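The values are calculated or read from the model by the stated rules, or taken from the named source; none is laboratory data. What you are looking at is a predicted structure, and each value in this text was computed from that prediction instead of being measured. Here the Cβ is made from the backbone with ideal geometry for all residues, glycine too, and neighbour counts use every protein chain on show. Calculation scope for accessible area: heavy atoms of the full protein, side chains included, ligands and nucleic acids excluded. Shrake-Rupley method; radii C 1.70, N 1.55, O 1.52, S 1.80 Å.
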Amino acid sequence: MRLHRCAQLFLQLDREPRFDINRLLAGGDGMDASPRWLAHAPHLPGPVPVSLAAAAVLAELPLAPGEDRDAISARHGEEAVGELLDAGLLLGEHTAPGPRARDAAAADLAWWAPALLAQTAGAWDGVDIDAHHAAGDMPTSARLVEEHGPAPAHVFRRRPQAAATPLCPPRQTAFDALLAERRTCRNFDPAATLPAAALSAMLHRVWGATGTRELAPGAVALRKSSPAGGGLHVVECYVLVQRAEGLAPGLYHYLATEHALEPMTRLSAAAAAAMAQAFVGGQHWFRDAPVLAVMTARFDRLFWKYRRHAKAWRVAHLDTGHLSQTMYLSAADLGLGAFVTAAINDADIERALELPPLREAALAVVGFGPRAASKVNGELDELVPTEAARRAAEARD
């Protein structure tokens, strides 16, 4: 059997106490506080314990197609090889297609290594925030204050002794009124259908391309209503339709240059609702939005230009933030409720959309649609106006 090392490996010194049944059975407290090394590899679902001696073996091994297992064992010992195989850090024909594809992408794409670790280690799979709330695992603000003290002050001064210079009240326009309407909705009408015109406007305003420009043969930039790093616009939009006029429930891919929806998976109403719940990590206050849009980043396109760049991964998230704000303002203009969340189940989305591992990944989910007539879930609509807001209102009146 031929084996090869994984493409990327990160070691973490772990000193967190952990439960050990053997210590408990031996009459102890059942906690193991001894330090250990954890290996993070992009193709694995989570970190695995590994000895430094075994990890050092990987430094001398080739990538695919690898080397015969017997030859590796002869040089480094069967114990080290067995440990690495059990940990999943040695790959071969025995490795499942999914991990193999992720490892190949980690080798092929020009990821900046720390960003690759953050992208893979921060992914969620099957997280249910509702269940955590029910179990009391989600701390309230009062509990956080009790356990950790007050939050850092919301009023932040760098020179508290210096007198601040008041600015004149800003001139109020229709844009200010639109900004004032921008808010996060946690109460969507579970029976409402999104009109076709509203869906078309939302998709085109936020993700639609308004122009292209050839930078060089084989390199085309896009123009949209929001800025994007390098004009690449690597963020794709996948639409999960629950209730939209003229569309069956299901998954669609928005074609930005054609302003059209590419059908992917047709779903029953119940299956679409379950998928929405899974996508947003069990946040029931978002699942009733008639339309959800998954924003993914095409890292292969991004890293084509920004190769192993320390800022590129950050740019993809900035792009998603710009699009989210445009989505909010468009929804406010159309009188729709809207939300954005990064608390998403990456793995569930990756499977549903059949995303190529590490080449394309979900960064955020947004949703929009008619608001419910009453508020069941708390929102932050009733806020105390700031001093600047009061002065602006006085100047307008």
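A few points about this structure:
- Student exercise, the range 48-174 dipole from Lys, Arg, Asp, Glu Cβ charges, in Debye to nearest 20: 1400
- Computed from backbone phi, the HN-Hα couplings of the range 317-332 come to 6, 4, 4, 5, x, 4, 5, 5, 5, 4, 4, 4, 5, 5, 4, 4 Hz, rounded to whole numbers (Karplus: 6.51 cos²θ - 1.76 cosθ + 1.60, θ = phi - 60°; Gly and Pro given as x).
- Other-chain or far-sequence residues with amide H under 5 Å of Ala244's (modelled H): Leu194
- Summed side-chain charge close to Gly337 - residues other than Gly337 whose Cβ falls under 9 Å, Lys, Arg +1, Asp, Glu -1: +2
- Taking amide H as placed 1.01 Å from N in the peptide plane, Leu3 has its amide H under 5 Å from the amide H of Glu67, Asp68, Arg69, each at least 5 places away in sequence or on another chain.
- Under-5 Å amide H pairs with Ala372, H placed in peptide plane, nonlocal only: Asn187, Phe188, Asp189
- Based on DSSP H segments of at least four residues, each scored -39500 (n - 2.57), the chain has a per-residue ellipticity at 222 nm of -10500 deg cm²/dmol.
- Trp37 accessible area, assembled protein chains, probe 1.4 Å, Å²: 80
- Only the Cβ atoms of Lys and Arg (+1) and of Asp and Glu (-1) were treated as charged; on that basis the dipole of the chain about its Cα centre amounts to roughly 1580 debye.
- Packing-based ranking, highest mean first, of 189-202, 21-34, 289-302, 65-78 given that Cβ atoms within 10 Å are counted: 289-302, 189-202, 65-78, 21-34
- Each residue of the range 289-294 is assigned a 3J(HN,Hα), and the resulting list reads 4, x, 9, 10, 10, 8 Hz, derived from the Karplus form 6.51 cos²θ - 1.76 cosθ + 1.60 (θ = phi - 60°), x at Gly and Pro.
- Fluctuation leader among Val145, Val241, Val365 - the chain, Gaussian network, Cα springs under 10 angstrom: Val145
- Structure-derived Kirkwood radius over Cα pairs in Å - corresponding label in (i) 22.0; (ii) 24.6; (iii) 22.8: (ii)
- Dipole-positive endmost among Ala219, Trp313, Ala64 within the chain (Cβ charges, Cα centre): Ala219
- Lys, Arg +1 and Asp, Glu -1 on Cβ, resulting dipole of the range 46-122 about Cα centre, debye, nearest 20: 320
- When the convex hull of its Cα atoms is projected in every direction, mean area for the range 33-110 (nm²): 5.9
- Whole-Hz couplings from phi, Karplus 6.51/-1.76/1.60, listed for the range 174-191; x for Gly and Pro: 4, 5, 5, 5, 5, 4, 5, 7, 6, 7, 8, 9, 10, 9, 9, 6, x, 10
- The listed peptides 154-162, 262-270, 366-374, ordered by packing as a protection proxy, come out as 366-374, 262-270, 154-162 (highest mean of other Cβ atoms within 10 Å first).
- Accessible surface of the chain, 1.4 Å probe: 56 percent of it comes from carbon and sulfur atoms.
- Rounded FRET efficiency, nearest 0.05, which uses the C-beta distance separating Phe19 from Ser141 and R0 of 22 Å: 0.15
- Burial ranking of peptide ranges 98-107, 49-58, 321-330 (average Cβ count within 10 Å, highest at the top): 321-330, 98-107, 49-58
- Dipole axis of the chain (+1 Lys, Arg; -1 Asp, Glu on Cβ), positive-most option in Gln172, Tyr328, Ala260: Gln172
- For the range 223-283 versus the range 1-40, the gap between their alpha-carbon centres in whole angstrom: 40
- Mean shadow area of the range 91-163, taken as a quarter of the surface of its Cα convex hull (nm²): 10.6
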